[in-house]
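Step one of this worksheet: look at the structure below.
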Amino acid sequence: MHQRHAAHVLVAGLAAVVLSCSSGGLTVPSFTFEDGLENWQPRGVDLDDPPVTWTIEWTGEEAYEGEHSVRLSLNNLNGQAKIWIEREFRLDPNRTYRVDVSYALGTSDAVGTDPWTLIAGVHHEPPSAASELTYRGDTPKGSASPAVEWVARSHQVTLASGTAGSLYVAVGVWGRGVESRVYYLDDLRVVISGA
């Protein structure tokens, strides 16, 4: 088991699918993936021409917290593929929320490696095209070691929930080169509060 990053706080349990922020704020517990994907769904776009091989699965190969994480594997033959995990959070409709997303990224991309781009966004609808995704930061770690190391990533978004009352969080990678890479996600935390 890897040491937990000091900026993260362990919160046990799983988030409810239907949430309410009418009291002003809500903290969704960490998703440490000890019991599977925890209602996060694998997604991908730009996976053809030529077809790429990809998987998003629960694994015990690496972990930041506990013994499991999510493994994202992409043989990026077309140099354009995007893969991510996505989860719906149902909230009060027509309200503005601040959503803070943080997670641990397991990466073996050393300093000097051509970076791939991270997907990390909050959306009104499930993204179905590359233009609908949000890109934030890149994959390299701080050392030259070929071993997997865990790095902290986070972002913040303020947006309205719309009439449907749903927001969708997406976290993953955009393959920027014609090669095969593997990444891991763990300790994914979503904090939702009324703006």
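Can you confirm whether Ala152 is modelled with pLDDT of 95 or more and in contact with a Lys or Arg (Cβ under 7 Å, 6 or more places away or on another chain)? Can you show your working first?
Values: modelled with pLDDT of 95 or more: yes; in contact with a Lys or Arg (Cβ under 7 Å, 6 or more places away or on another chain): no.
So Ala152 fails the test.
Name the residues in region 131-187 that are hydrophobic (A, V, I, L, M, F, W, C), open to solvent by 20 Å² or more (accessible area, probe 1.4 Å) and in contact with a Gly (Cβ under 6 Å, 6 or more places away or on another chain), would you? If you could, list the steps in order and put the result at the bottom.
Here is the first cut: in region 131-187, the residues hydrophobic (A, V, I, L, M, F, W, C) are 133, 144, 147-148, 150-152, 157, 159-160, 164, 167, 169-171, 173-174, 178, 182, 185.
Filter again for open to solvent by 20 Å² or more (accessible area, probe 1.4 Å), leaving 144, 147-148, 150-152, 157, 159-160, 164, 174, 178, 182.
Val148, Trp150, Val178 - these are the residues of region 131-187 that are hydrophobic (A, V, I, L, M, F, W, C), open to solvent by 20 Å² or more (accessible area, probe 1.4 Å) and in contact with a Gly (Cβ under 6 Å, 6 or more places away or on another chain).
The values are calculated or read from the model by the stated rules, or taken from the named source; none is laboratory data. Keep in mind the model is a prediction, meaning the values are calculated, not measured. Don't worry about glycine lacking a Cβ; one is built from the backbone with ideal geometry, like all the others, and counts go over all protein chains shown. Note: areas computed on protein heavy atoms with side chains; ligands, DNA, RNA excluded. Shrake-Rupley method; radii C 1.70, N 1.55, O 1.52, S 1.80 Å.
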